1. In nm, to one decimal, how far is the modelled label at ASP40 from the one at ASP87, with both set 7 Å along Cα→Cβ?
2. Taking the Cα centre of the chain as the origin, how large is its charge dipole in debye, to the nearest 20, when only Lys and Arg (+1) and Asp and Glu (-1) carry charge on their Cβ atoms?
3. Could you sort MET44, MET1 by accessible area so the largest value comes first, with the probe set to 1.4 Å?
4. Using the basic label-point model (7 angstrom from Cα toward the beta carbon), what is the SER139 to SER2 distance in nanometres?
5. Give me the angle, in degrees from 0 to 90, between the Cα long axis of helix 56-72 and the longest principal axis of the Cα atoms of the chain, rounded to the nearest 10.
6. Which distance in Å, rounded to a whole number, links the C-alpha centroids of the stretch 18-52 and the stretch 114-147?
7. Once the other residues with Cβ under 10 Å from the Cβ of VAL103 are scored (Lys, Arg +1; Asp, Glu -1), what is the net sum?
8. Which peptide among 133-143, 56-66 comes first, and what is the full order, when sorted by highest mean count of other Cβ atoms within 10 Å?
Amino acid sequence: MSFADTEVGDGRRTAGRTITDADLVNFAGVSGDFNHLHTDAERMQESEYGERIAHGALVFSIATGLLWQERAGGEGGSDVVAFYGVDSLRFRGPTFVGDTIHVETEVVELEERSDHPEAAGVVREGAEVVKQDGTVVLSCELLALVR
């Protein structure tokens with residue numbers, strides 16, 4: 001959707017994506033975050049969680065990928081010029097291997113811009129990452145420069 005076609009209150013919901021053991025292992029390798037919360041199954045059995053949890057940054061990264069896939073229709077055909085930022089990011093609950101997450105958003109603000117040659121404005125969306133049981137595990141506001 002173009003900036004001109006976007007209205008406050010518009011919402012969307014992405015497809016789901018199941019978190020895998022490979023996700024945790026690969027993200028630890030890429031990020032260098034080998035914290036026992038994500039990598040030590042034996043130690044985590046004795047924790048309050050009872051098992052390893054996904055990296056918060058991994059969950060956020062998957063969420064941005066799901067949003068891009070939904071917005072661009074898998075073909076890169078989007079009016080988004082650039083990811084502009086994230087505000088109020090909160091990790092609200094654990095995500096485990098086997099959980100399926102999706103993202104729900106709502107446009108909360110539109111700001112016209114004349115200082116960027118390719119963008120008409122900034123779209124601010126409230127976003128929640130939701131597990132299969134309805135639990136919100138991450139919330140934030142996402143900003144995008146949009147044509």
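1. According to this spin-label approximation, the distance is 3.9 nm.
2. Values: 12 positive and 27 negative charges, 40 e Å.
Charge dipole of the chain: 200 debye, to the nearest 20.
3. Details: MET44 0, MET1 125 Å².
I get MET1, MET44, largest accessible area first.
4. Simple spin-label model gives 3.4 nm for this pair.
5. Relative to the chain, helix 56-72 is tipped by roughly 40 degrees.
6. Between the Cα centres of the stretch 18-52 and the stretch 114-147 lies a distance of 27 Å.
7. Neighbour charge sum, excluding VAL103 itself: -1.
8. Details: 133-143: 15.9, 56-66: 18.3.
Ranking, from highest mean packing down: 56-66, 133-143.
The values are calculated or read from the model by the stated rules, or taken from the named source; none is laboratory data. Keep in mind that this is a model prediction, so the values were computed, not measured. Note that each Cβ is placed from the backbone with ideal geometry, even for glycine, and that neighbours are counted across all protein chains shown. Note: accessible area is taken over every heavy atom of the protein model, side chains too, but ligands, DNA and RNA are not part of it. Shrake-Rupley method; radii C 1.70, N 1.55, O 1.52, S 1.80 Å.
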